[in-house]
């Protein structure tokens, strides 16, 4: 049982309260009895608190716990994130059931927006001419990574195909061995890059992560813009290269990947000869021409950006 802002307990609770409840109540602290909110007051307080958190720029998924902290602080008391003896949405709202009410309110107010996405990244795949999004799982420890249209019960096996969003069963069943191998290769690359970007604390690396997600979303969402997707893929490669260069000199203001690779090479970077830099031979004006780059090419550009990032990060 974990309480937020624990305070020194006061005298035992008397009366015919269950011993377990009494122990919980004592743990809440000396001023908890002052907090008794009826439905109207709670609604007023939570709306006001959420508005303050929004103005402070707190992301929606982080607001429930921040709201609980804010209310507890306001009343100078402490309480659990959730009622330790089971959910309690009754009134009045006190320290013991504040967490239940706050979490319920946020669930109704924002729906799925309060959910935290544990995936460190995502990338597009072109299967039978249609783009599908593959979400990179959060991997802790070791795993055998493969890509197969088959299924496995062994939890030590990480099957990339299982992480392709909304892949129809009939399309999965038609995956060829060649396609499975291609999926496995890019999946392994993206997992490693996601790990590396997540462990780096620079603004360029953080921005590159954002570009990586946007690039995939622009190909696999409802509003497809393959040219803008390619641009964000270029940005992923560009920012990783510029971070490498920044250790030695101020990176130039350019979007030319070939030029950045040449500069990075002056400081020891060794490019993989298999990388195709010509895929990035488009300019910033691409952003304003939604149809300039095809979906097929945009997927190629995305995958090549991941490979450049892998190549650079492993030498940083």
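Just so you know, all these numbers are worked out from the coordinates, no wet-lab data involved. It should be emphasised that the depicted structure is a prediction, and the values quoted were computed from it without experimental measurement. Note that we place each Cβ from the backbone using ideal geometry, even for glycine, and neighbour counts take in every protein chain shown.
Some notes on this structure:
- Average 1/r across all pairs of distinct alpha carbons in the chain, invert it, and you get the Kirkwood radius: 23.1 Å.
- Kirkwood-based shape ratio for segment 141-207, expressed as Rg/Rh from alpha carbons: 1.07
- A helix-only calculation puts the chain at -15000 deg cm²/dmol for mean residue ellipticity at 222 nm, using -39500 (n - 2.57) for each DSSP H run of at least four residues, averaged over all residues.
- Hydrodynamic radius of segment 234-303 per Kirkwood, over alpha carbon pairs, in Å: 13.1
- Residue exposure proxy: 217, 38, ordered by other Cβ atoms within 10 angstrom of their Cβ from fewest to most, comes out as 38, 217.
- Shape of segment 202-253, Cα gyration tensor, a/c cut at 1.5: prolate
- Counted by neighbouring Cβ atoms within 10 Å, the residues 152, 282, 187 run from fewest to most as 152, 282, 187.
- Measuring nothing but how far apart in sequence close Cα pairs (under 8 Å, 6+ apart) lie, relative to its length, the chain scores a relative contact order of 13 percent.
- Mean silhouette area of segment 98-185, derived from the convex hull of its C-alpha atoms and averaged over all directions, reads 8.1 nm².
- When 163, 232, 248 are sorted by how many other C-beta atoms sit within 10 angstrom of their C-beta, beginning with the fewest, the order is 248, 163, 232.
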